[in-house]
Amino acid sequence: MTATVEGAGTSTARGFGVGRGIAAGTRFTGIGADGTEPGTEIELTEIELTSTDTAGAVGVEIAGNAGAGSAGAGISVGHPQPPPAAVQGGHRWEPTSPCTPGCLPDAGALPRVSTARVAARMVALTLLVAVFALGAVVLPLFDAHRRARALRLIFRTVLRAIGVRMVHTGAERFDAGPGTGGVLVVANHLSWLDIMVLGAVQPVRMVAKREVRDWPVLGAVATRAGTLFVDRARLRGLPTLVADTARALRDGAAVGLFPEGTTWCGAAMGEFRRAGFQAAVDAGVAVRPVAQRMRLLDGTPTSMGAFVGADTLLDSILRVLRLPGLLFEIEVLPLLPSTDTDRRELAYAARRAVCAATGVSVATAAPPRTASPAARHDQLRTAA
């Protein structure tokens, strides 16, 4: 792992190491070669983890020395941090991501298809969205099996039309099989492509931000598809969302959730917010972790398909359309039972599983504290 020396006396590093994340709140010691100057990349030869509970932390504290004459110099790793609660908009629990278009590779350094090919893909995407909108009206007339098969076909067709090849590994379905009951599907959130990739495996009712409901065409489609909307800026709506999600799970639905609450570029991963996991506990259904990764056609990991920061949806779509192709890997990981556990434990276990599968190394929260069933129930009902 490498980092950049910022100068003597600096005590806070900014962000995560690209590809090998260091979570906020992690303390470690780094020792570089003699004579290291500020601005020089150094190899960290000693890492000491002394703090593991990262909830709410915003900085990576550094202790150590970067070579002769630079004792105590701070280091900066390659991925930015979320802003402190004091300077970010909204309430302190509102999901934030430090990812910006600066996390993306230089598009000019990558191969591109012709303008005519981009235009053809855009036309195909527009037509297929129109078909999907029509299908949202017609599909409820089908039985569940035919409806699911038609939706998978639509999602797969859209992905192929825009040059995205899905690579599916792990379990065949999100649930344990037809008729086995509901399941809460939780995945790392990268892009607007995520929902289509999940739907191409097995149709799910998504939990989505309220703004999606107002999107032209897609908002109406999402509403007809039974999407559960959440206002991320208003905490008081969470109990209703959890109750609605639990009801859908009891009815046998596969419900999809992005517990980071917003998109990240894939080089690092946000905390898994715990509130959504309460629905699985209340409904007594399993949680299915899902790991998502993006690669170029040559297998190189990429964030070109990410939808982050001040990026517009159109900008992100065009980046994907201009690529010769994009591999979108989805790995369906083993089920996590929700019995004899709580939402904190479930969120921790799901995030650990997704981190391990994606290769994003993050010093995650400490193993959850256990409590008696009665105390745990009270905690779950009163926690924000």
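The values are calculated or read from the model by the stated rules, or taken from the named source; none is laboratory data. As the structure is a prediction and not an experimental result, all values here were calculated from the model. In this analysis, Cβ positions are derived from the backbone assuming ideal geometry, glycine residues included, and neighbour counts consider all displayed protein chains.
Go over the candidates 171, 107, 187, 116 one by one and state the one that is of a type in the set (A, V, I, L, M), more than 20 Å from the chain's Cα centre (by Cα) and either at pLDDT below 95 or surrounded by 13 or more Cβ atoms within 10 Å (Cβ to Cβ) (or both).
107
Which count do you get for residues in segment 341-384 that are modelled with pLDDT of 50 or more, of a type outside the set (Ser, Thr, Tyr) and in a loop (DSSP other than H, G, I, E, B)?
4
Pick from 316, 338: which is assigned to a loop (DSSP other than H, G, I, E, B) and either touching a Pro at 6+ places or on another chain (Cβ under 6 Å) or in the same structural domain as residue 161 (by TED's automatic domain parsing) (or both)?
Answer to the selection: 338.
Does at least one position in segment 115-138 carry a residue that is in the same structural domain as residue 274 (by TED's automatic domain parsing) and not in a helix (DSSP H, G or I)?
Narrowing segment 115-138 to residues in the same structural domain as residue 274 (by TED's automatic domain parsing): 115-138.
Next cut, not in a helix (DSSP H, G or I) only: none.
Scanning segment 115-138 turns up no residue that is in the same structural domain as residue 274 (by TED's automatic domain parsing) and not in a helix (DSSP H, G or I).
Based on what the data block shows, is residue 151 at pLDDT below 90 and surrounded by 21 or more Cβ atoms within 10 Å (Cβ to Cβ)?
yes
Residue 157 versus (1) of a type in the set (Ser, Thr, Tyr); (2) outside any loop (DSSP other than H, G, I, E, B); (3) closer than 30 Å to residue 339 by Cα: which is the lone unmet condition?
Here residue 157 meets the rest and fails (3).
Which residue pairs have Cβ atoms under 7 Å apart, sit 6 or more places apart or on different chains, and have a first residue in segment 339-367 that is farther than 16 Å from residue 267 by Cβ and a second that is at pLDDT below 85 and in a helix (DSSP H, G or I)?
Note: pairs meeting the criteria are 342/376; 342/380; 343/380.
In segment 245-260, is there at least one residue being over 28 Å from residue 134 (Cβ atoms) and in contact with a Lys or Arg (Cβ under 8 Å, 6 or more places away or on another chain)?
yes
Regarding residue 190, is this residue assigned to a loop (DSSP other than H, G, I, E, B), touching a residue at least 24 places away in the same chain (Cβ under 8 Å), of a type in the set (A, V, I, L, M) and under 19 Å from residue 306 (Cβ atoms)?
yes
Of all the residues that make up segment 337-363, how many are more than 17 Å from residue 198 (Cβ to Cβ), surrounded by fewer than 21 Cβ atoms within 10 Å (Cβ to Cβ) and touching a strand residue (DSSP E or B) at 6+ places or on another chain (Cβ under 6 Å)?
2
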